[in-house]
Every structure is written in C-alpha cells, then in structure tokens.
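K.L.:
After the structure tokens below, expect a handful of questions from me.
The values are calculated or read from the model by the stated rules, or taken from the named source; none is laboratory data. All of these numbers come straight from a predicted model, not from anything done at the bench. Here the Cβ positions follow ideal geometry from the backbone for every residue, glycine too, while neighbour counts run over all protein chains shown.
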Amino acid sequence: MIRESFYFDRKELFIVYTKTRQEVLKQLGVAREQGLTKEQVKISWQKYGANTFFRHKKESMLRRIFEASTEPMLLMLIAAAVITLFVNISRFIKGGEYNFLECLGIFVAIALSVVITIITEGKSEKAFEALNRINEDTLVKVLREGKVQLVAQREIVVGDILLIETGDKIVADGRILEANDLSVDESALTGESVPVSKDAAVVCPCETPVAERCNMVYSGCFVSGGNASFVVTAVGNETQFGKIAKELSSIEKTTTPLQEKLDKLGKLITVLGCSAAAAAFMIQIVQFIQHNEISLDTVSDAFITSIVLIVAAVPEGLPTIVAVSLALNIIKMTGEKALVKKMVACETIGCVNIICSDKTGTLTDNKMTVQQIYHDGRMIEANQIKEPLLIHNFCLNSNANILIEEGVERFIGNPTEGALLVAAKKAGYNYKQLRKQSRIIHTYPFSSQNKDMSTVVMESFGLTLYTKGNPEKILKLCKEREDVQYNKIMEMMEQYQRKGGRILAFAHKMLDKWEDDEQDQIEKDLEFDGFTVISDPLSKEVNEAILKCQAAGIEVMMLTGDNILTACSIANELHMLDDEHIAVEASQIENLSDEQLKEKLKKIKVIARSTPLLKLRIVKLLKQQGNVVAVTGDGINDAPAIKHADAGIAMGIAGTEVTKEASDIVLLDDSFMTIVKAVQWGRGIYENFKRFIMFQLTVNVSSVVVVIASILCGFETPFSALDLLWINIIMDGPPALTLGLEPIREDLLKRPPTKRSENILTKQMLVRIFVNGLFISAVFMLQHVTNFLGANPQQEKTVLFTLFVVFQLFNAFNCRELDNTSVFKYFFRNKLMLGIFLFVLILQFVITQIGGAVFETVPVDGLMWGKILLTGLSVTVLNEVIKTIKRKCA
C-alpha cells in the first residue's frame, strides 16, 4: 500500500538535493530494493503526469491573417478599398460612371502583402515541438517490483528507480541513491564544459546552484563515466529541462528594431496620408460651393479623388518589398553559412550592439583537447610524443572510445580520456590496435577519494602498471630521482592551472607479477612519465572575430555555466577583461534588484555559473536599456535567452535541437566569425531598406503634391486611380527591389551600430525626400501649366504620366547613396538595377505607345521621348551638384 508521504508537494520535490537518500525514499514511499509497484506507477502517473512535454495550441489561420492585416498602412488601404468599392457599386446601381478595376487593383495589393507575410512568418511554437520529439520511445532500465525492467522513456514516473551507466542519456531528474565513480556531462543544461563528479552521500545546501548539485542528475544530460542508481523526483515539464520549456512558453513575442521603426513609419504615413486626403476633399468641396456645382455626383468625384490620394500617399508595397528583399538576402546569407529562420532577423542582426555569448561550444569547441605535454624535461606538442610508455598510458589506462559520425569525432566515455586518445592519434598511434595487442589484467577505476586510475597490462615486453590522475598525488607516489625536479614540475603545473588548464599526471611501474594487490599497495615507487595540459580550446577565428566586433562598436559578454577560473582564463585570452570590465559569479548578482543590476552591467563582461533564468534576465535588462541584443549558444540552457533576444543565434553542428528551433539564425559552421559576417550583411540590408524607403517616399510625396497642386490650380486630377496603381506597382516593384539588393559595402563594420531608438528616416533622408519630391513636382506642374515640352493637347496627359514615371526612375539612382558619395562611384556595382531601369523604361514605352485602351494614353514621337528623358535626368544632375558642393564644404 502506498504511504501518504508519497504525495509530497512540488516544493519538496524541488529541494530534494537538500535531503538524504533515506529521506527522499521515505517521502516518496518507495522501497529501495523493490522500486514501485504497478499500483504506485499508476497513482504517480495520475498525480505527476507522464515523462513528456505538452504541446501548445498553434495560432489559427484566421488569427494569422488578422495579425498580418492590422499593419497601419494596410488598415488605411483596406478602408480606402472598401469605401471605393461602395462608391463604385452605388454608381453602378444608379447607372453612373464606375470603375471596378481601380478597386480590384487596391485589393490585389492588399492580398499580396498579407499572403507574403503569412508565408514567411515562422512557426511560433517550434521549440515545444522539438521537446516532444526527443526520444520518447527510448528504453531505459528501471527497478520495479524487485526486478530490472526495460521501460519506454515516456512511461517513467516520479518514484521510479533508474539504473544508468557510461554513455546513457538521463531521461528524468532524480536524487542519486548509489554511485560508482559517476560523472555526468551537464554542458547542455548548465554550460559546464567539464564532466561533473557525483556523490550520493552528499546533502547540498538549499542555495546550491544546479551546476553544483553533486547528488542530483538531470534530464537531457549524459553519463560520461561510472554507473549509478537514482530515484526519479521530476518528470516532463517539472524537470529542469521542462522548466526551461515553460520559460520559453512564457516569453512574449517581442518586436524587433526594424518592426518597431516600420510600425512608427506606417503610423506617420497613415496620419499624413489621411490628412492630405481630407485637405484635398475639403478644397474640392469649397471649390464646388464657390462655383455652385455642389451635388451628389461632384461630392462623390471629390471623395474618389481623396481615395486616390490615399492610394498615392501610402507605400502599400512596403511590407511586400521588405518581405521579398529579406527573402532574397536570406538565400545570400545561407551562402555565408548563416541560415536565417525568421526573415526579419537578417536585418536585426545588423543593429546589434551587444552579443551575449555562451562559452562552451560557442567561443570554445566543447571538446577537451591536449594542448601541451611535459615529458623528459620539456613541453612538447601532442604530435611530438615519442615515449611509448606515455602513449600506452593514454590508450590502455582508459575506458574511453572515439566514435566518428559523419566525419565528426565524438567521445564515448570521459571527455578527458577521449582527448588523450586523440593526442595518441596525432602522434601516429592507433589506440584500438594497441588494445588488441595487449591484455588488461586488472583496472583500478578512478574515484574521487583516490583521485587516480591505474591499469595492470600484460604486453610483449612484460607486465606494466600504468597510473594517471591528480598531479599532486601522482608525484607523491613516484620514487625520488635525481634527474627529476619535482618542485619545478609542480610550479609549472600551477602556472597552467591558473590559466584554466586541467592537469593530468602520468606514471608507470614494471611488475614481476600481480596477485590482486590493493591499490594503495601496488601504487608505490612509480616512474614519473610527465603530465598533460588539457582544456576546451578557443574556436578558430574567435580572437579575430571579437576584435572585429569591438571595431564595429559591438560589446561581447560571456554568460557561461563554467566556474569563474575557467571563464576568466578564456576571457583573458580574448582580452575581454581590464580595469573597467570585470568578471563575476552568478551568486554575486542574482539577488540584486533590476535597477542595481542594470548599473552593474555597465562594467560586467563575464558572468560565471550563469543559469538559464539569469541569462534571460540579463537579456531583458539590456533590452530595457535600449540595447539591441544578440544571444549565441548551443545548449538547452541557452534557449530562453536566445528566444527572447532581438537576434537569437544557435550553433548548427553542436547545438541542441531545442536551441536551434528557438533561434532566429543558425550558424552552419559553428564559427563566431560567421556572426561578424551576418552583422555586416544585416547592416547592409538595413541601409538597403533606407534606400528603397527613401525612393518610395519620394514617389509618394511627389504624387501627393502634384495631385493637390493640380486641384488648387483648377486642373483635373492628373492621374486616374489606375495610373497611380501602375506607378505604385512599378515603383514598389523592380526599382525598389533592386535598391533592396544593393551590394554590401566593405566599410560597414567600421561604423557604429544603429541605435534601437534611432528613426529609420534620418534628417538627411528627409531633406533629400522633400528636395527631390518638390523638384519633381515643380517641374511636373511647370509642364502642366506652361507645356514647355511642346506636347499637343491630345498628348498632354500622356506626357505628364510618362514624365512622372521617368523622373522616378532617374531618382532611383540618387537613392543608391545615402550620404554625399557620388552616384557614379559604385554605378556599375549593381548591374541588376541598370537592367531593371531599361526594363521599366521599355514597359512605360509599351504602355504609352500601345496601351491607350487601358490607360487612355496616346503615342508620342522620338523627339518628345528625348525631351522627357533629358528632363527626367535633371533630378540626378541636381543631386550631384548638391553633393559636390557639400563635399567641397566639408
């Protein structure tokens, strides 16, 4: 019968590391030698659930369509389209003049924008789907009803006693009951690069962080050495792994700097567009009253003109062009080994001014490596080892193996032993061959008490004892020799340890015989062979990448689960620490208020023993300070911060599936330098957005001005709704798109990052928009009033229409440069734009010469075309003159 204590609450479950093994078993009501009964399993499953992760409901298609349709610019267009539709229906019913084609054009533009937004939108709950797919059917060893059974991972419940050994994946959180030299790789959960030794007898204080709970094992981690039994204390969403999943679900979808700026721009255009339309409507009403022409038909005409003005004022193609431009740049960035999962991220990364990086697997390779070897009085590289006894110690006094999967080496067993096997391989030795040629007589396994490991081996030259372990202990076991200066060796070891290196010493002894001696008896009078310096090395190009980040005005912070010594060692190698920038442990800042922590963050460059929730808190506070934050990582512990960051970046090779799914960008080569390349691309993309926004707004400003000016001068509206839609489709299409694909400039990483608060429309851009827009409008109205081009009355509307289009085409070249650089400096860099210029010009020629049935145009002769082209070119000449004067005055 199950005891009542089996139903202890979740708070007690959470702090089981503060209890002895006996207390935990008693509270759970589990017999240590029997495990759970079938009845207990059923009750536990009902009480605490199965060992699976719940799925979140996806947004419906209607919801996604609604969200995509509520952009300010689209809302205004939708309103204009609906009103225009009703006006035309009313005219149709009354037998008046109607034009449903203009309604259709507006609705097509709206539908295209919404469809592209939905297609390119990422799935919001991918991280949870990844959690559900993680090996739910894996069979694990469980003690139930006194028998060891194989049970599917999803059927494990709280109170089960599980048996684990080297190489096993841990499938639930639990309190260790018995452990035999157990070490666990917890890097995916905590970021700790070195396997953690476990001890079942230890009782931890309540404030002990996850990375230091040596009496617990956690779901998602791997056994790197030894074996153990543990009682399950949390399954599914209540595991540390599951708590991270919950944190991911609670993170609200945040807006990126680009989205914020486009939203702000959209609202501004909405207000200005509606104001201009209202002004035009009122002007026409006043004119009708003055001329005693007020009627339902004239008011309807005025209303339609105002709607046309809204269509002219709103760059309805902006969301579409943003989406298409991002999509095309995503393809290009993939070629740079940066896979962009969420389109807007390929621009956001360019605005980043702080990168919060994990250490293990991001700045380092997450692969223990023998850096140097001390032998025969000197330090040598791994490939220089010539001493067979030292190599045999690496290969034979070991339980590790190397597995090669898809060309990538993976250590099975202790990563340190794996590093020794790789060192032997570099020296030209095959560990598998050596093991075949030798016979293992006996192994004294490593333990935290003995701090060493020894193996007795029968080889062709005799019986040998190989020993490796803690350097201080190994030196004490070695016999005194005049040629070995142990004090000097100890000083060398301490120097490397201070630099974050892990020291392992080696010794041997030739034996006459072995009679099952005790370890402390046989390990006497050993011959010292040397020591190795082992560490998780910096990834290639990291140093150069960090320097480039600093030059680009980007601050790099390290948030790692490693201890402070290891973290500082790596940070010093990267020159991240100085008098103004410090390293701290998580425990020093966890209890600070948000305001206190914000102040501290100004100096902090490294946070050791970082937890997932602390990383998330740091990211939130940095964003509150106005920073644009990127987070990089590869482990489960990085996922919450990655999801909440402006740009979440996951490692593609070493990264966990959950981390990749929570990210915006996946690095296909796991290189930090690829982040730098992505920043350069992002900055280029942001500048390209500025280029086509400046181009589009110039079109919209000039459209509004010429319509209002024509009304004030007593002319008919110079463009029909169809003419304006054609102008918008052309200008929102190919020319704008080619500006969005302007080649990335080389000097982008020498500039400071764009601030989150900075408006996407700079003062210089606004000046150029209005100077060019008003110049185009002035020349247009001059032709309208004086007909200086000499068009006959039948050609006048066609010439105005064509002149306006040609003006915009030439102005597109002006928009290629955002500063005072001449347009001719990079003129031939964007060959696509030159082709598009000719293509659109040809289209306009076709419309003019043979499109009269639809656009009510008439053909014009070659001389008139020449005059129109020269007049259109004047806007480029004007810009070049102004920029030349500015360069001279600078």
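K.L.:
Kindly provide the set of residues from the stretch 137-155 that are within 19 Å of GLN46 (Cβ to Cβ) and of a type in the set (D, E, K, R), ordered by number.
P.N.:
ARG144, GLU145, ARG154, GLU155
K.L.:
A further question follows. Taking the stretch 521-576 as the search range and keeping residues that are of a type in the set (Gly, Ala, Ser), part of a helix (DSSP H, G or I) and out of contact with any strand residue (DSSP E or B) (no Cβ under 7 Å at 6 or more places or on another chain), which one is surrounded by the fewest Cβ atoms within 10 Å (Cβ to Cβ)?
P.N.:
Checking each candidate, the answer is ALA551.
K.L.:
Right, another one. Restricted to the stretch 746-760, and to residues that are more than 23 Å from the chain's Cα centre (by Cα) and of a type in the set (D, E, K, R), which residue is surrounded by the fewest Cβ atoms within 10 Å (Cβ to Cβ)?
P.N.:
ASP747
K.L.:
Quick check on my filter: what residues within the stretch 589-635 are under 16 Å from GLU555 (Cβ atoms), of a type in the set (A, V, I, L, M) and in contact (Cβ under 8 Å) with a residue 40 or more places away in the chain?
P.N.:
Across the stretch 589-635, the qualifying residues are ILE604, VAL606, ILE607, ILE618, VAL619, LEU622, VAL628, VAL629, ALA630, VAL631.
K.L.:
Can you find a residue in the stretch 798-806 that is surrounded by fewer than 20 Cβ atoms within 10 Å (Cβ to Cβ) and outside any loop (DSSP other than H, G, I, E, B)?
P.N.:
The answer is no; no qualifying residue exists.
K.L.:
Could you run through the stretch 833-864 and say how many residues are under 19 Å from ARG691 (Cα atoms), surrounded by 15 or more Cβ atoms within 10 Å (Cβ to Cβ) and out of contact with any Lys or Arg (no Cβ under 9 Å at 6 or more places or on another chain)?
P.N.:
Residues that pass the stated criteria total 3.
K.L.:
Are any residues in the stretch 176-233 among the polar types (S, T, N, Q) and outside any strand (DSSP E or B), and if so, which ones?
P.N.:
SER187, THR190, SER193, THR208, ASN215, SER219
K.L.:
With (1) of a type outside the set (Asp, Glu); (2) assigned to a loop (DSSP other than H, G, I, E, B); (3) exposed (fewer than 14 other Cβ atoms within 10 Å of the Cβ) as the list, and TYR826 as the residue in question, which single condition is left unmet?
P.N.:
Of everything listed in (1) of a type outside the set (Asp, Glu); (2) assigned to a loop (DSSP other than H, G, I, E, B); (3) exposed (fewer than 14 other Cβ atoms within 10 Å of the Cβ), TYR826 misses just condition (3).
K.L.:
Within the stretch 177-210, count every residue that is closer than 18 Å to VAL16 by Cβ, among the aliphatic types (A, V, I, L, M) and at pLDDT below 85.
P.N.:
So the answer is 1.
K.L.:
Right, here's the next one. Yes or no: ASP732 within 46 Å of the chain's Cα centre (by Cα), within 28 Å of SER275 (Cα to Cα) and modelled with pLDDT under 95?
P.N.:
yes
K.L.:
Specify which of the listed residues (GLY174, GLY159) is at pLDDT 90 or above and within 34 Å of the chain's Cα centre (by Cα).
P.N.:
Going through GLY174, GLY159 in turn, just one is at pLDDT 90 or above and within 34 Å of the chain's Cα centre (by Cα): GLY174.
K.L.:
Quick check on my filter: what residues within the stretch 609-628 are outside any loop (DSSP other than H, G, I, E, B) and modelled with pLDDT of 85 or more?
P.N.:
LEU614, LYS615, LEU616, ARG617, ILE618, VAL619, LYS620, LEU621, LEU622, LYS623, GLN624 - these are the residues of the stretch 609-628 that are outside any loop (DSSP other than H, G, I, E, B) and modelled with pLDDT of 85 or more.
K.L.:
Identify the single condition in (1) in contact (Cβ under 8 Å) with a residue 24 or more places away in the chain; (2) under 30 Å from LEU574 (Cα atoms); (3) outside the structural domain of GLY335 (by TED's automatic domain parsing); (4) surrounded by fewer than 21 Cβ atoms within 10 Å (Cβ to Cβ) that ASP669 does not satisfy, given that it satisfies every other one.
P.N.:
It fails just one condition, (3).
K.L.:
Still on this structure, I have one more. Hey, among the residues in the stretch 672-687 that are touching an Asp or Glu at 6+ places or on another chain (Cβ under 6 Å) and either surrounded by fewer than 24 Cβ atoms within 10 Å (Cβ to Cβ) or free of Cβ contacts under 8 Å to residues at least 40 places away in the same chain (or both), which one's farthest from THR348 (Cα to Cα)?
P.N.:
Across the stretch 672-687, the extreme among qualifying residues is MET673.
K.L.:
Given the structure, is VAL196 buried (at least 16 other Cβ atoms within 10 Å of the Cβ) and either among the charged types (D, E, K, R) or touching a Cys at 6+ places or on another chain (Cβ under 7 Å) (or both)?
P.N.:
In short, yes.
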